[in-house]
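Scroll down for the structure; my scribbles are underneath it.
The values are calculated or read from the model by the stated rules, or taken from the named source; none is laboratory data. From a predicted model like this one, the values you see are computed outputs, not experimental measurements. With ideal geometry, Cβ positions are generated from the backbone for all residues, glycine too; neighbour counts draw on all protein chains shown.
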Amino acid sequence: MIDPLVVELSRWQFAATALFHFLFVPLTLGLTFIVAAMETVYVTTGRTIYREMAQFWGKLLLINFALGVATGLTMEFQFGTNWSFYSSFVGDIFGAPLAVEGLMAFFMESTFIGLMVFGWERLSKIQHLIVTYLVALGSNLSALWILVANGFMQAPEGAVFNPLTMRMELASFAELIFGHDAQSKFVHTSIAGYVTAAIFVCGVSAFYMLRKQHMELARRSFRMAALFGVLSAVGVITLGDALGFVGGHAQPTKLAAMEALWRTEKPPVGFNVIAIPDQQKMENAYELQIPYLLTPLVTRSLDHVIPGADTLVAQAKQRIVSGIEAVGALRALQDNPEDEAALSRFLAHEDDLGYGFLVGAYAPDQDPTVADDAAIERAARDAIPSVATIFWSFRVMVACGLLMLMFFILAVIYTLRNTVERQRWFLGASVLMLPVPWIACEAGWLVAEIGRQPWTVYEVLPTWMSVSTHSAGYMLFSLAGFLLLYSIFIVIEMFLMLRAIRQGPSSHRPTGSAGAAGETALAAPVRSAEV
Amino acid sequence: MEIYLLLKVLWWLLLGVLLMGVAIMVGMDMGVGTILRLVGRTDAERRVALNIIGPHWDGNQVWFILGGGAIFAAWPLIYATAFSGLYVVMLLLLWSMIVRPLGFEYRSKIDLPAWRSAWDWALFVSGFVPMLVFGAAVGNMLQGVPFRFEWNLASVYSGSFLSLLNPFAILCGLLAVSLSVYMGGAMLMNRGEDVLYRRAQRLVVRSGLVALALFSLGGIWVYFLDGYQLVQSPDPAIAQTPLQQVVERAVGGWLGNYQRTPLLWLIPFSVYATTLLGVAAARSGRSHLAWWLGALAWIGVIGTVGAAMFPFMMPSSLEPSHSLTVWNASSSQLTLTWMTGWSVVFVPLILWYTSWCFWVMRGKVNERDVASDEHAY
């Protein structure tokens with residue numbers, strides 16, 4: 001028997017550790033490229049200010065990178081420690097992208113970041129530049145493979161269920177990699193990282209300009225980041241829109257939740273700007289609507305029907321009934337693999353197997369084959385994830401995205417006119433913008449992952465079944481441990497990051513001795529005040 | 001379908017290679033963490049030790065991460081069952097390991113004795129504990145882990161956290177710690193000078209001898225341990241689940257493979273040869289040779305366990321017939337084929353650029369360099 005409390009605690013632990021990990025990943029994805037761009041300018045023009053920029057932002061990158069690596073370790077093993085049924089059920093497909101991520105991307109990123117830090121004096125300029133690009137490429141390829149894995153959870157493609165081995169097995173690697181969800185989500189997520197890094201660089205540079213410190217570095221960094229940011233912001237919104245289009249077709253339940261769409265209505269339907277959804281009554285207690293807007297927005301047409309929650313629950317009910325047959329046939333097959341009748345019954349209902357598992361949560365002894373109507377009703381309503389959470393997370397993400405786009409447009413205008421230093425209100429606003437991309441990233445994670453509920457693998461494997469059968473005590477222990485450890489981490493990281501920002505690049509003072517390797521005072525071997 | 005059989009055995013071998021990679025490369029860095037406070041009495045000495053592995057620890061750690069990913073991809077049932085069945089031990093491993101990147105990156109950012117000392121302890125814990133757990137986990141595999149499967153292959157465990165840290169497991173853990181100290185010490189000899197070199201040298205010699213003693217003791221212990229034997233199982237070349245076999249336990253059963261194939265005795269014998277030669281090399285100052293011999297010793301130790309257990313990977317002490325073997329725990333043929341393809345391309349590439357990085361960063365590290373390098377840890 002699976003304890004619902006254990007399911008709940010496992011979900012909290014996964015969400016907490018993943019959201020925490022995702023505080024560091026986006027900045028790494030983007031900042032590696034910004035640093036690489038700065039170093040490129042240094043190598044091509046030979047101007048040492050750009051080397052100083054690359055080294056300064058590289059230093060901040062590393063403070064962030066350490067925690068990204070540390071918290072990533074947890075993620076790599078958490079599927080096994082806490083989601084063991086999930087792991088054995090889809091490991092045949094899901095494990096491969098994680099392994100390839102290690103082989104192709106993470107090894108490259110981690111090996112070369114050592115050289116990026118320690119290799120300044122040992123590598124030629126060109127070699128070091130290549131190393132920096134390999135780090136950037138590695139971190140982005142990492143994201144690609146992780147999102148291929150996630151894409152499988154969102155829209156399982158390229159796999160079939162094998163009743164003999166009782167698991168999903170790989171059918172087509174190409175379908176797995178080129179799943180639509182995986183591709184648009186990869187681009188959306190990595191560009192979100194570029195936006196995050198651009199805001200970070202703009203915000204910190206603006207802070208220096210406000211205090212009239214490190215003006216050379218701040219002005220140049222601000223300009224590069226603003227240009228990088230405006231392109232990225234356009235990209236992230238475009239791809240986000242594409243993802244909504246793809247995701248809306250792949251996961252109608254997520255779409256209904258994102259838009260608080262309870263009833264299927266005659267198109268074109270209105271767009272809810274604001275809604276107070278009531279999950280119990282399956283309606284909005286309040287809604288502010290722009291008429292006709294939603295249908296063209298998500299279907300690119302005026303006459304496509306967008307299924308509302310009512311239709312989706314009714315469909316889920318039918319599929320549960322069919323899925324119960326599939327589970328029953330599967331058990332019969334486990335007892336006797338030669339049972340022809342069971343096999344044909346299984347094949348007839350195979351597509352609904354996941355829905356059969358879904359109802360198990362409410363059935364006596366968690367056995368779907370004895371589920372009654374009340375259990376089926378409850379499970380069917382579970383098919384709609386938490387509408388209020390998703391509706392609002394989505395709006396927060398989109399609002400942040402649009403805000404950042406406007407910010408970058410202004411930033412580019414001011415920086416190209418060379419007036420940004422005089423716009424003190426704008427510099428202040430740049431600093432205030434700092435938390436915005438992180439809010440957007442975390443909200444985006446919530447939309448994607450809570451929106452997929454009640455499934456770990458959409459319509460294939462329900463969340464409640466995916467967990468390891470630990471005791472609630474173990475789960476409380478581990479959750480408390482992670483919260484404690486991560487709280488300490490974030491305090492230390494923020495402290496060091498703010499300290500490094502306050503110190504700025506000129507905290508390096510020349511040692512005066514052994515200036516052999518450097519060509520100018522700035523590039524000579526120098527050491528920071530503390531180290 | 002014979003290809004499937006070959007793929008299973010190939011991935012069993014590759015898993016061994018990955019574990020050896022973890023043991024040798026990550027173990028080396030963790031060994032440095034473990035002995036950091038012994039080889040370095042002053043902050044400057046400790047910084048030299050940290051900067052010797054500084055350029056490499058992050059890349060090396062990927063052996064561990066890749067190990068996790070590869071087990072997931074090639075042995076999903078092992079990934080699912082081992083990491084959840086050993087939950088609290090895995091948490092110990094993860095919690096101690098995730099402190100390590102911070103120890104490297106953050107330690108030298110602030111020049112306060114209390115701050116640096118705290119991180120030195122963190123680096124000790126994150127070097128010692130993971131290696132202890134790593135060895136203890138292998139020890140548990142030899143003893144069998146208390147799990148069984150339900151009809152749908154959901155795993156169920158019994159037994160407590162403390163039973164996972166039993167005396168035999170601790171012995172295996174200490175063996176892993178001592179070999180990691182040996183490797184860490186050898187690396188410090190490679191790139192260190194003066195007092196650091198001499199202290200590391202002493203530790204290499206001692207830990208090598210301790211490792212040999214623990215290895216011998218473990219061998220005798222295994223002789224009296226319950227081993228597992230396949231009595232009946234489906235054709236190894238076909239897809240199957242752990243619910244289709246019959247397994248028996250017998251005292252000394254882990255020596256069965258050695259009795260059937262006496263040539264296998266060369267593997268444990270090689271551990272004695274390489275370790276003793278390694279200790280001698282370290283003593284006579286040939287530290288690079290000592291490092292490579294230590295790596296061979298690791299290969300011998302892991303090979304000894306693998307040869308004893310084959311085809312078992314994770315026996316069940318609760319329900320021996322549910323034991324996970326090379327035949328019933330692997331991925332599908334298609335997944336193994338794809339993974340083989342990816343590995344053929346990328347593993348040589350990884351070895352190539354890792355070697356290049358070590359080559360670029362070759363040479364001695366001293367206190368002056370560390371103090372004047374703003375990028376140093």
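Here A:ALA326 does not fit the description of being farther than 18 Å from A:GLU459 by Cα and surrounded by 21 or more Cβ atoms within 10 Å (Cβ to Cβ). If you go through the range A:69-99 and keep only what is of a type in the set (Gly, Ala, Ser) and either buried (at least 23 other Cβ atoms within 10 Å of the Cβ) or facing another protein chain (nearest Cβ under 7 Å) (or both), you end up with A:ALA70, A:GLY80, A:SER84, A:SER87, A:SER88, A:GLY91, A:GLY95, A:ALA96, A:ALA99. Checked against the criterion of being modelled with pLDDT under 90 and either of a type in the set (Phe, Trp, Tyr) or not assigned by TED's automatic domain parsing to the domain that holds A:PHE173 (or both), the candidates A:TRP83, A:TRP120 yield just one match: A:TRP120.
Answer with yes or no whether A:THR74 is assigned to a helix (DSSP H, G or I) and within 30 Å of A:ILE488 (Cβ to Cβ). Considered against the rule, which asks whether it is assigned to a helix (DSSP H, G or I) and within 30 Å of A:ILE488 (Cβ to Cβ), A:THR74 comes out as yes. Of the residues making up the range B:303-315, none is over 20 Å from the mean Cα position of the chain (by Cα) and at pLDDT below 95.
Residues to consider are A:ILE63, A:ILE93, A:ILE130, A:ILE126; find the one that is closer than 25 Å to A:MET153 by Cβ and assigned by TED's automatic domain parsing to the domain that holds A:GLN503. Every option except A:ILE93 fails the conditions. Would you mind stating whether B:GLY184 is touching a Lys or Arg at 6+ places or on another chain (Cβ under 9 Å), surrounded by 24 or more Cβ atoms within 10 Å (Cβ to Cβ) and of a type outside the set (Phe, Trp, Tyr)? Taking the combined requirement at face value, the residue does not satisfy it.
Among the residues that make up the range B:143-166, is at least one of them closer than 22 Å to B:ASP29 by Cβ and surrounded by fewer than 24 Cβ atoms within 10 Å (Cβ to Cβ)? For the range B:143-166, residues closer than 22 Å to B:ASP29 by Cβ and surrounded by fewer than 24 Cβ atoms within 10 Å (Cβ to Cβ): absent. Report yes if B:ARG206 is in a helix (DSSP H, G or I), within 30 Å of B:ALA290 (Cβ to Cβ), touching a residue at least 40 places away in the same chain (Cβ under 8 Å) and of a type in the set (Lys, Arg), otherwise no. Taking the combined requirement at face value, the residue does not satisfy it. Could you grab me the full set of residues in the range A:257-289 that are buried (at least 17 other Cβ atoms within 10 Å of the Cβ) and aliphatic (A, V, I, L, M)? Hits for the range A:257-289 are A:ALA257, A:MET258, A:ALA260, A:LEU261, A:VAL269, A:ALA275. Which of the residues spanning the range B:323-342 are crowded, with 21+ Cβ neighbours inside 10 Å and at the interface with another protein chain (Cβ under 10 Å from one of its Cβ atoms)? The answer is B:ASN328, B:ALA329, B:SER330, B:SER331, B:SER332, B:THR335, B:LEU336, B:MET339. Based on this model, can you work out whether A:ILE49 counts as aliphatic (A, V, I, L, M) and within 14 Å of another protein chain (Cβ to nearest Cβ)? Judged against the criteria, A:ILE49 is not a match.
Being in contact with a helix residue (DSSP H, G or I) (Cβ under 9 Å, 6 or more places away or on another chain), in a helix (DSSP H, G or I) and over 26 Å from B:LEU349 (Cβ atoms) holds for only one residue in A:MET209, A:MET168, and it is A:MET209. For the range B:218-238, a residue qualifies if it is within 12 Å of B:PHE168 (Cα to Cα) and touching a residue at least 40 places away in the same chain (Cβ under 8 Å), and the qualifying residues are B:GLY218, B:GLY219, B:TRP221, B:VAL222, B:LEU225. Does the range B:348-377 hold any residues that are closer than 14 Å to B:MET187 by Cβ and of a type in the set (Phe, Trp, Tyr), and which are they? The one that is closer than 14 Å to B:MET187 by Cβ and of a type in the set (Phe, Trp, Tyr): B:PHE358. Tallying residues that are modelled with pLDDT of 95 or more and within 14 Å of chain B (Cβ to nearest Cβ) within the range A:165-214 yields 0. Under the condition of being closer than 13 Å to A:PHE200 by Cβ and surrounded by fewer than 19 Cβ atoms within 10 Å (Cβ to Cβ), the residues counted in the range A:433-446 number 3. Please tell me if A:GLU109 is crowded, with 22+ Cβ neighbours inside 10 Å, without any contact (Cβ under 8 Å) to a residue 60 or more places away in the chain and more than 7 Å from chain B (Cβ to nearest Cβ). Yes: the conditions hold for A:GLU109. What about A:SER184, is it of a type in the set (Ser, Thr, Tyr) and over 30 Å from B:TRP356 (Cβ atoms)? For A:SER184, the condition - of a type in the set (Ser, Thr, Tyr) and over 30 Å from B:TRP356 (Cβ atoms) - is met. Can you confirm whether A:LEU353 is under 25 Å from B:LEU243 (Cβ atoms) and either part of a loop (DSSP other than H, G, I, E, B) or at pLDDT 90 or above (or both)? When the stated conditions are applied, A:LEU353 passes them. Considering only residues in the range B:39-74 that are surrounded by fewer than 23 Cβ atoms within 10 Å (Cβ to Cβ) and among the acidic types (Asp, Glu), the one that is farthest from the other protein chains (Cβ to nearest Cβ) turns out to be B:GLU45.
Restricting A:GLY151, A:GLY138, A:GLY114, A:GLY102 to those that are small (Gly, Ala, Ser), closer than 16 Å to B:HIS375 by Cβ and either facing chain B (nearest Cβ under 10 Å) or part of a helix (DSSP H, G or I) (or both) reduces the list to A:GLY114.
In the range B:81-90, is there at least one residue being in a loop (DSSP other than H, G, I, E, B) and either surrounded by 24 or more Cβ atoms within 10 Å (Cβ to Cβ) or more than 7 Å from chain A (Cβ to nearest Cβ) (or both)? Yes; the residues of the range B:81-90 include at least one that is in a loop (DSSP other than H, G, I, E, B) and either surrounded by 24 or more Cβ atoms within 10 Å (Cβ to Cβ) or more than 7 Å from chain A (Cβ to nearest Cβ) (or both).
Filtering the range B:212-245 to residues that are assigned to a loop (DSSP other than H, G, I, E, B) and under 30 Å from B:LEU175 (Cβ atoms) leaves B:PHE224, B:LEU225, B:PRO242.
Among the criteria (1) buried (at least 18 other Cβ atoms within 10 Å of the Cβ); (2) facing chain A (nearest Cβ under 10 Å), the one B:ASP111 does not fulfil is (1). Scan the range A:483-492 for residues that are within 8 Å of chain B (Cβ to nearest Cβ) and touching a residue at least 12 places away in the same chain (Cβ under 8 Å) and jot them down. Residue satisfying the conditions is A:PHE489 alone.
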